[in-house]
Amino acid sequence: MIKINVLQLERQELDIAGTESAALLEIEDTELMQAKGKVSYQLHASLVNRGVLVAGSVKTVIHCVCGRCVKEFDQTVENSSICRYYEEVTEPELDITEDIREEMLISIPINYLCSESCKGLCPHCGIDLNKKKCKCHEEKTGSDAWTALDDLKL
Ligand SMILES: [Zn+2]
Ligand SMILES: [Zn+2]
């Protein structure tokens, strides 16, 4: 649970930092993605016009599979632009767990790439093109020639 002590906040601004287990995210593990790392957050809370303003960042590590070459790797995901405002807070404690979960989830992409320049697997022979070259490429050039012919007909 991530909570803000509002009574304390009335006296001074608060820095709240800590970690939660990955269970906080309630992400179902799939073959393509598992949230196993801790979720760590660093927040700053202040009183603004009787409301509570919370700003800061949250991050975690996702174990995932590259969408192109199926290599497994760990990816740090961070949302450093959290900014939430709670109007007219009356409770002595403000539970922001749900919102922090949401802020983390919106930063987790659906697809991961081990690198922007990942060449992926050859669609014909399945070889990892980051490691090896295959001969399918030559055949592909052949079919390109046919498309060029098709274009000529038009
Ligand atoms: Zn890759
Ligand atoms: Zn190939």
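The values are calculated or read from the model by the stated rules, or taken from the named source; none is laboratory data. Since this is a predicted model, take the numbers as computed values, not measurements. Please note: Cβ atoms are built from the backbone with ideal geometry, for glycine as well, and neighbour counts cover all protein chains shown.
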Cβ contacts < 7 Å: first residue in contact (Cβ under 8 Å) with a residue 60 or more places away in the chain, restricted to segment 1-27; second residue surrounded by 11 or more Cβ atoms within 10 Å (Cβ to Cβ) and among the aromatic types (Phe, Trp, Tyr), any location; separation 6+ or different chain. Result? Ile2/Tyr41
Got a number for residues in segment 33-42 being in contact with a helix residue (DSSP H, G or I) (Cβ under 8 Å, 6 or more places away or on another chain) and either more than 19 Å from Glu72 (Cα to Cα) or not small (Gly, Ala, Ser) (or both)? 4
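Can you tell me which of Leu105, Leu32 is under 14 Å from the mean Cα position of the chain (by Cα), within 27 Å of Lys119 (Cα to Cα), modelled with pLDDT under 95 and not small (Gly, Ala, Ser)?
Working: Leu105 fails: within 27 Å of Lys119 (Cα to Cα).
Exactly one of Leu105, Leu32 is under 14 Å from the mean Cα position of the chain (by Cα), within 27 Å of Lys119 (Cα to Cα), modelled with pLDDT under 95 and not small (Gly, Ala, Ser), namely Leu32.
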With Val58, Val70, Val52, Val89 as the choices, which residue is modelled with pLDDT under 95 and within 20 Å of Ile16 (Cα to Cα)? Val89
Which of the residues that make up segment 11-32 are among the hydrophobic types (A, V, I, L, M, F, W, C), closer than 16 Å to Glu78 by Cα and out of contact with any Leu (no Cβ under 8 Å at 6 or more places or on another chain)? Ala22, Leu24
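Rundown of residues vs (1) within 16 Å of ligand 2 (Cβ to nearest atom); (2) not in a loop (DSSP other than H, G, I, E, B), yes/no style:
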| position | (1), (2) |
| --- | --- |
| Tyr85 | no, yes |
| Glu88 | no, no |
| Leu94 | no, yes |
| Ile100 | no, yes |
| Ile108 | no, no |
| Lys119 | yes, no |
Kindly provide the set of residues from segment 47-62 that are surrounded by fewer than 16 Cβ atoms within 10 Å (Cβ to Cβ) and within 16 Å of Met104 (Cα to Cα), ordered by number. Ala55
Candidate set: segment 63-83, residues that are of a type outside the set (A, V, I, L, M) and within 16 Å of ligand 2 (Cβ to nearest atom); chosen: the one surrounded by the fewest Cβ atoms within 10 Å (Cβ to Cβ): Cys69
Find all pairs meeting these conditions: Cβ atoms under 6 angstrom apart; at least six residues apart or on different chains; first residue within segment 109-127 and more than 22 Å from Thr60 (Cβ to Cβ) and at pLDDT 95 or above; second residue of a type in the set (Lys, Arg) and within 11 Å of ligand 2 (Cβ to nearest atom). none
Subset of segment 110-136, residues away from ligand 1 (no atom under 14 Å from the Cβ) and within 30 Å of Leu25 (Cβ to Cβ), comes to Ile110
